[in-house]
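Read through the structure below, which is laid out as structure tokens, and then see the notes.
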Amino acid sequence: MNMTVFATFWLIVLARITDVSLGTIRMVSVVQGRRAFAAVLGFFEAVVFISVVAKGLLNMNQPVYALAYGLGFATGTYLGMAIEQRLAFGKQLVFLLTPKGPELAEVLRAADYLLAELKGRTRDGDLTILCVEIARREAQKLIRIASAIDERCVVIVHDIRRADFARRADPKLSQRKRSWLFLLGGKHSVNARLS
């Protein structure tokens, strides 16, 4: 393998890592409805692809370039997912199902979480369902707190694409307290308690 082939191999790998990482983050942004951010990422993704990767693919006289293409694609997918998890854009709705609901709710309120508390029943008995809307980057912290109080606590996490109920909250409240949970406040018919 001469120096030109070696350099081109690594150029294709690095370009594909960049291109596919941007593409992975862009796709998550599209799903979350972040149009402007996704468009900017799409622009840079296309520029990288056209300027570097396409040129490398046009010169496929070296079979090792196909290996570079695959290696870059796989690494870019992995790296893109890792970057997106670190950025942790968006919100999540966490349901905590536990028989120790009042105790866990008290701890979460003391930690300034806004939550809705619902009563539920399973074949094993009564339990409390705590609903908490949080930023994605706070999910693991919340799960650790819940597990410390009740190690058998069932945790269900949902990504929220859009939560626009925050506009209906009192503007004097903190950012965390502006959420869809305020809608449950006056609806005692669903047996919900909001705090």
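Figures for the structure shown
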{"read-out": "Every pair of residues 6+ apart whose Cβ atoms lie under 8 Å, when the first sits in the range 142-171 and is assigned by TED's automatic domain parsing to the domain that holds Leu97 while the second is modelled with pLDDT under 90 and of a type in the set (Ser, Thr, Tyr)", "value": "Leu142/Tyr113; Ala163/Ser179; Phe165/Ser179; Ala166/Ser179; Ala169/Ser179"}
{"read-out": "Residue identified as farther than 22 Å from Asp159 by Cα, surrounded by fewer than 18 Cβ atoms within 10 Å (Cβ to Cβ), β-branched (Val, Ile, Thr) and over 29 Å from the mean Cα position of the chain (by Cα) among Val64, Val40", "value": "Val64"}
{"read-out": "Filter pass, Val28 being under 25 Å from Gln140 (Cβ atoms), buried (at least 18 other Cβ atoms within 10 Å of the Cβ) and aliphatic (A, V, I, L, M)", "value": "yes"}
{"read-out": "Residues within the range 100-116 that are surrounded by fewer than 18 Cβ atoms within 10 Å (Cβ to Cβ), touching a residue at least 40 places away in the same chain (Cβ under 8 Å) and not in a loop (DSSP other than H, G, I, E, B), tallied", "value": "3"}
{"read-out": "Every residue from the range 117-137 that is within 20 Å of the chain's Cα centre (by Cα) and surrounded by fewer than 17 Cβ atoms within 10 Å (Cβ to Cβ)", "value": "Ala135, Arg137"}
{"read-out": "Enumeration of residues in the range 84-99 that are modelled with pLDDT under 90 and either over 22 Å from Ile156 (Cβ atoms) or not in a helix (DSSP H, G or I) (or both)", "value": "Arg86, Leu87, Ala88, Phe89, Gly90, Lys91, Gln92, Leu93"}
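The values are calculated or read from the model by the stated rules, or taken from the named source; none is laboratory data. Since this is a predicted model, take the numbers as computed values, not measurements. So basically every Cβ, Gly included, is an ideal-geometry build from the backbone, and we count neighbours across all protein chains shown.
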